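Quick notes on the structure that follows.
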Amino acid sequence: METRTASARKRPVNLTMNEALVAQAKTYTNNLSATMESLLTEFVAKQQSARRQRQQVADACAADWNAVHAAVGSFADEHSTL
C-alpha cells in the first residue's frame, strides 16, 4: 500500500498535541504540517513492514508444521474417540 503520493488529496485535521512541544518543534521547521506528514508516513511504513514480517514468520511456522504433519501425521491419529 502506497502511503505517500505527490497527488494525494490533503485535508485539514484536528490534533491534540502538547503545546510546549509544538512551540519547540516550530523553532526547527517552518512547515509543521509537512514535518508531521513525513513523520507519520515513516511511522506507517514501519508498521506495515512489521506486519508483513509477522505474517512471514506465521506463514513459515504454518509451512513447517504442515511439513511435519505430512511426514509423520498427527499424534491424535492413533487415538480414536469411536
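The values are calculated or read from the model by the stated rules, or taken from the named source; none is laboratory data. Keep in mind the model is a prediction, meaning the values are calculated, not measured. Here the Cβ positions follow ideal geometry from the backbone for every residue, glycine too, while neighbour counts run over all protein chains shown.
Remarks
- Scanning region 1-38 for residues that are of a type in the set (Gly, Ala, Ser) and either modelled with pLDDT under 95 or surrounded by 10 or more Cβ atoms within 10 Å (Cβ to Cβ) (or both) returns Ala6, Ser7, Ala8, Ala25, Ser33, Ala34, Ser38.
- Entry remark, region 27-54: residues being touching a residue at least 40 places away in the same chain (Cβ under 8 Å) and not β-branched (Val, Ile, Thr) number 2 in total.
- Filtered residues of region 50-82 (kept if among the polar types (S, T, N, Q) and more than 21 Å from the chain's Cα centre (by Cα)): Asn66, Ser74, Ser80, Thr81
- Residue check for Thr41: surrounded by 10 or more Cβ atoms within 10 Å (Cβ to Cβ), modelled with pLDDT of 95 or more and hydroxyl-bearing (Ser, Thr, Tyr): yes
- Annotation: of all residues in region 16-49 being of a type in the set (Ser, Thr, Tyr) and in a helix (DSSP H, G or I), the one that is nearest to the chain's Cα centre (by Cα) is Ser49.
- Pick from region 67-82, criterion on the phi < 0 side of the Ramachandran plot and outside any helix (DSSP H, G or I), ranking: modelled with the lowest pLDDT: Leu82
- Listed by first and then second residue, the pairs with beta-carbon distance under 6 Å, at least 6 apart or on different chains, first residue in region 55-66 and part of a helix (DSSP H, G or I), second modelled with pLDDT of 95 or more and hydroxyl-bearing (Ser, Thr, Tyr), form an empty list.
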